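What follows is a short report on a single structure.
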Amino acid sequence: MTNKGKNRQNIEAVVFIAVLVLVFWPLCNRMGSANMLKTMMNTAHDLLLNTVFYLMGITVLTGALSKLMAEFGVVQLLEKFLRPLMKPLFNLPGAAALGAVMTFLSDNPAIIALSKDKTFSSYFKKYQLISLTNFGTAFGMGFVVLITMIGYGQATAALVGLVGAFIGSIISTRLMQRFTLKAYPELDSPVENVASESADGENEPGHRDSVFMRFLNALLDGGKNGVELGLQIIPGVLIITTAVIMITFGPDAATGTYTGGSSEGVPILPFLAGKIHWIFEWLFGFHSMELIAFPMTSLGAVGAALGLLPTFNAAGLLDGNAIAVCTAIGMCWSGFLSTHTAMLDSLGYRKVISKAIVAHTIAGLCAGIAAHFIFMGVSLL
């Protein structure tokens, strides 16, 4: 390694240590080093046992259900019903409806598998194909988010949140198309129409399993996919959610002191949000600034954001409006900061990553605002 490389590495090390001290010093100074470390471990342990396994149970069940829906033609049926909405709302061909259904039942990257299919992509212009990243992300893990929110006894609010996320998906897709065409007008051209090659004998009639075996295989395969998704969200839930909790909540509510128990911390985030609380109260209807932690966590991982809900619920913060807004923002953003770069890179359009992020940030905020005002209207009925 050259001297220049060694100097750069030394600078990075010093900067990293400085940032680490800057992050942990306020917590350590307020909580005490022993309590801070105990709280960190106890919170992660509590999230693993009481949140991750709960979410994994949901992903296993929803994974099995989504696989059954695909096996027995329900997905294709939904795609036919949604097809007429695609052009007027999203400026996308009808085939895009299948992407919405698949990402809603699974996760954001499902849209990339479809986009790379030559037959599927031949329906699109290039700028439309790029916008599928925003379109699919707005529905990612939607089924898991919706079922989780309904589990807190607020079905109407969760459905309002679904409407808000749908509005956000339209805004994100349309903005992405507008940004892309303005910067790269040459992308207003069809994707090459190259039919995917069929395997030998693919269209020949062959042996088909019985309905019972198809049901059983779909059930088990879908459940297995759910387990894999549940495992994938563990790092995000344990690391991100623990960090967010520790800068959101205060000392133990019963004693008013730090005990090293789970879900304790220094309320830095509510303090900062409180300086502009009127914005969040008017736009989202948030009366408790702790709720800001949910949309902020959703930027990186919606699974981690869902991990905050038990703590919010125990603190009595989850009213109908909070459920509606969190559902809309969580579903629309669904961790796009951690997936957009990889998704667009895999499509070969790394140059539009910044435009996709800006469009989706705006859309998620609009989704939350729409959910808040729709819920207010529904509450008056």
Kirkwood-based shape ratio for the stretch 62-102, expressed as Rg/Rh from alpha carbons: 1.04
Debye log10 I(q)/I(0) for the chain, one point scatterer per Cα, at q = 0.09, 0.12, 0.13 Å⁻¹: -0.59, -0.98, -1.11
Neighbour-count ranking [beta-carbon atoms within 10 angstrom, fewest first] of Leu380, Leu61: Leu380, Leu61
Listed pairs Lys87/Lys116; Lys125/Lys182; Lys6/Lys355 exceeding 24 Å between Cα atoms: Lys6/Lys355
Using alpha-carbon coordinates, inclination of helix 53-71 to the longest axis of the chain, degrees: 10
The stretch 260-319 - Rg (one decimal) and Dmax (whole number), Cα, Å: 11.7, 36
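If r is the Cβ-Cβ distance from Leu219 to Ile147 and R0 is 22 Å, what FRET efficiency results, to the nearest 0.05?
0.80
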Gyration tensor (alpha-carbon) shape descriptor, the stretch 1-61, a/c threshold 1.5: oblate
Cα-based equivalent ellipsoid, the stretch 280-379: semi-axes from gyration tensor eigenvalues, Å: 27, 15, 9
Residue order, fewest to most beta carbons within 10 Å, for Ser263, Ser298, Ser122, Ser131: Ser122, Ser263, Ser298, Ser131
Rounded tilt (10° steps) of 211-232 against the dominant C-alpha axis of the chain: 40
Tilt relative to the chain, helix 96-105 - C-alpha long axis, 0 to 90 degrees, to 10: 40
Extent along principal axes [Cα atoms of the stretch 1-134; Å; largest to smallest]: 59, 46, 29
Shape call, the stretch 123-185: gyration tensor on alpha carbons, a/c limit 1.5: prolate
Normalised convex hull volume, the stretch 203-341, alpha-carbon set, Å³ per residue: 179
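FYI, it's all coordinate maths here, none of it is from the lab. These numbers were taken from a predicted model, which means no experiment stands behind them. Every residue, glycine among them, receives a Cβ derived from its backbone with ideal geometry; neighbour counts consider all protein chains shown.
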